[in-house]
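A.B. asks: Take a look at the following structure, please.
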Amino acid sequence: MTTSEFHSFRHGSFDITVLSDGPIVLNGELFAPEANDTERAEIVARLNGKDNTAHAQSNIPLIVSDKEVILVDVGAGSRFQATEGRLEENLGKVGVDADDVTIVLISHAHPDHIWGLLKDDGTLRFRNAKYFLGRTEWNYWMGDEASALPAEVQPFVEGARRDLSAIGDRVKLIEDGDEITEGMRVLATPGHTPGHLSVVLDSDVPLIITIDAVSSEIVSFEHPDWSFGFDMDPARAKITRKALLEQAVAENAKLLGFHWTYPGVGRIKRAGEAYEFVNAVGERP
Ligand SMILES: [Zn+2]
């Protein structure tokens, strides 16, 4: 395997490589709860899926500046789906050891984004890193509201509490607009989870790492009113998604999506009332 296995590009003062934690298998209802059967079948087919299931990718940006080695989210480790947990192995393929990571920015506390924080032996996978997480997200998962969620969601709550507790003495809780390092700041994008954060990297145009505020390069662009199956507050998520997509159009931003077809790097074009995703792989830097 060579480093060319992964898509890399320069953005401002950052070298970005889109790693993968491995795909997640989801059914069509999770990709597009509001779609009818025909629409859902078409979406699954465009994702190269079949039998009403398709892969959602786990595109994890490795962001390197002259000062920092940064990961945005850490994947699921071995605790969620068997196809996931490949992040550390894939970091190794680009010559980065887990101990080299200086900053871990957590977008939100869902399994596919944080359950990789701990190795199977219960110790921190990125033991030298500083951690950043939204204060709202921390308070939500640690508080009474999460305790009151339905039984089927309680494994998410238990997992979030396990992993957030493990970084409790080294996490910095942050707010909308806070800077992580020079040229990199977070944007509050609530709805998918209450304290969900997206990430903005400066250059001549911004790069917006949308994470799960824009969950699919097909569904979220072409049907911005439609939710994603894991949106915890679909109405709020819709308002956030539309505002973020409008911001991307206005700023001619480059975009990177966590669950989009690998590597999930592209631009946005207005298409009537909706939007079109334009793949930027191969675009000259
Ligand atoms: Zn996710």
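The values are calculated or read from the model by the stated rules, or taken from the named source; none is laboratory data. Everything quoted here is computed from the prediction, not taken from an experiment. Virtual Cβ from ideal backbone geometry, glycine too; neighbours counted across all protein chains shown. These area figures cover heavy atoms from the full protein model, side chains too; ligands, DNA and RNA do not enter into them. Shrake-Rupley method; radii C 1.70, N 1.55, O 1.52, S 1.80 Å.
A.B. asks: Which ones in segment 16-39 are of a type outside the set (S, T, N, Q), away from the ligand (no atom under 16 Å from the Cβ) and surrounded by 14 or more Cβ atoms within 10 Å (Cβ to Cβ)?
C.D. replies: I16, G28, A35, E39
A.B. asks: On to the next question. Take the residues in segment 235-285 that are at pLDDT 95 or above, closer than 17 Å to I16 by Cβ and basic (K, R); name whichever of them is surrounded by the most Cβ atoms within 10 Å (Cβ to Cβ).
C.D. replies: Going through the qualifying residues, I end up with K254.
A.B. asks: With the requirement that a residue be of a type in the set (G, A, S), in a loop (DSSP other than H, G, I, E, B) and farther than 14 Å from F9 by Cα, what does segment 197-215 give you? Steps first, please.
C.D. replies: Residues of segment 197-215 that are of a type in the set (G, A, S), as a first pass: 198, 203, 213, 215.
Imposing the further condition that a residue be in a loop (DSSP other than H, G, I, E, B) reduces the set to 203, 215.
The answer is S215, and nothing else.
A.B. asks: Considering only residues of segment 148-166 that are more than 18 Å from V104 (Cβ to Cβ) and touching a helix residue (DSSP H, G or I) at 6+ places or on another chain (Cβ under 7 Å), which is least open to solvent (accessible area, probe 1.4 Å)?
C.D. replies: Just the residues of segment 148-166 that are more than 18 Å from V104 (Cβ to Cβ), to begin with: 148-158.
From what's left, touching a helix residue (DSSP H, G or I) at 6+ places or on another chain (Cβ under 7 Å): 149, 156-157.
On the way: L149: 40, F156: 38, V157: 2 Å².
It comes out as V157.
A.B. asks: Another question, then. For segment 122-147, enumerate the residues that are surrounded by fewer than 12 Cβ atoms within 10 Å (Cβ to Cβ) and under 18 Å from R79 (Cα atoms). Let's see the steps before the verdict.
C.D. replies: Filtering segment 122-147 for residues surrounded by fewer than 12 Cβ atoms within 10 Å (Cβ to Cβ) gives 122-123, 127, 143-144, 147.
G122, T123, listed by residue number.
A.B. asks: Only residues that are touching a residue at least 12 places away in the same chain (Cβ under 8 Å) and among the small types (G, A, S): list them for segment 123-159, please.
C.D. replies: Of everything in segment 123-159, those that are touching a residue at least 12 places away in the same chain (Cβ under 8 Å) and among the small types (G, A, S) turn out to be A129, G134, A146, G159.
A.B. asks: Could you list, in sequence order, the residues of segment 216-269 that are in a loop (DSSP other than H, G, I, E, B), closer than 17 Å to T193 by Cβ, under 16 Å from the mean Cα position of the chain (by Cα) and of a type outside the set (G, A, S)?
C.D. replies: Correct list: F228, F230, D231, M232, F258, H259.
A.B. asks: Turning to a different aspect of this structure: Among G168, G159, G195, G183, which is the only one that is modelled with pLDDT of 95 or more and touching a His at 6+ places or on another chain (Cβ under 8 Å)? Don't jump to the end; show me each part of the working.
C.D. replies: Working: G168 fails: touching a His at 6+ places or on another chain (Cβ under 8 Å); G159 fails: touching a His at 6+ places or on another chain (Cβ under 8 Å); G183 fails: touching a His at 6+ places or on another chain (Cβ under 8 Å).
That would be G195, the only listed residue that is modelled with pLDDT of 95 or more and touching a His at 6+ places or on another chain (Cβ under 8 Å).
A.B. asks: Does S8 satisfy the condition of being over 20 Å from the mean Cα position of the chain (by Cα) and small (G, A, S)?
C.D. replies: Working: over 20 Å from the mean Cα position of the chain (by Cα): no; small (G, A, S): yes.
For S8, the condition - over 20 Å from the mean Cα position of the chain (by Cα) and small (G, A, S) - is not met.
A.B. asks: Check segment 239-250 and report whether any residue there is touching an Asp or Glu at 6+ places or on another chain (Cβ under 8 Å) and aliphatic (A, V, I, L, M).
C.D. replies: no
A.B. asks: Of all residues in segment 56-85, which are within 16 Å of the ligand (Cβ to nearest atom), at pLDDT 95 or above and either charged (D, E, K, R) or open to solvent by 70 Å² or more (accessible area, probe 1.4 Å) (or both)?
C.D. replies: Hit for segment 56-85 is D73, nothing else.
Residue-by-condition table, conditions (1) in contact with a helix residue (DSSP H, G or I) (Cβ under 8 Å, 6 or more places away or on another chain); (2) touching a residue at least 24 places away in the same chain (Cβ under 8 Å); (3) under 22 Å from V25 (Cβ atoms):
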residue	(1), (2), (3)
R46	no, yes, yes
K50	yes, no, yes
Q57	no, yes, yes
R79	yes, yes, yes
R86	no, yes, yes
V96	no, yes, no
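A.B. asks: Consider E276 carefully, then state whether it is of a type outside the set (F, W, Y) and either part of a helix (DSSP H, G or I) or more than 15 Å from the ligand (Cβ to nearest atom) (or both). Reasoning before the result, please.
C.D. replies: On the way: of a type outside the set (F, W, Y): yes; either part of a helix (DSSP H, G or I) or more than 15 Å from the ligand (Cβ to nearest atom) (or both): yes.
In short, yes.
Let's see how each residue does on (1) within 22 Å of L256 (Cβ to Cβ); (2) surrounded by 22 or more Cβ atoms within 10 Å (Cβ to Cβ); (3) within 16 Å of the ligand (Cβ to nearest atom):
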{"residue": "A41", "(1), (2), (3)": "no, no, no"}
{"residue": "K50", "(1), (2), (3)": "no, no, no"}
{"residue": "E88", "(1), (2), (3)": "yes, no, no"}
{"residue": "L117", "(1), (2), (3)": "yes, yes, yes"}
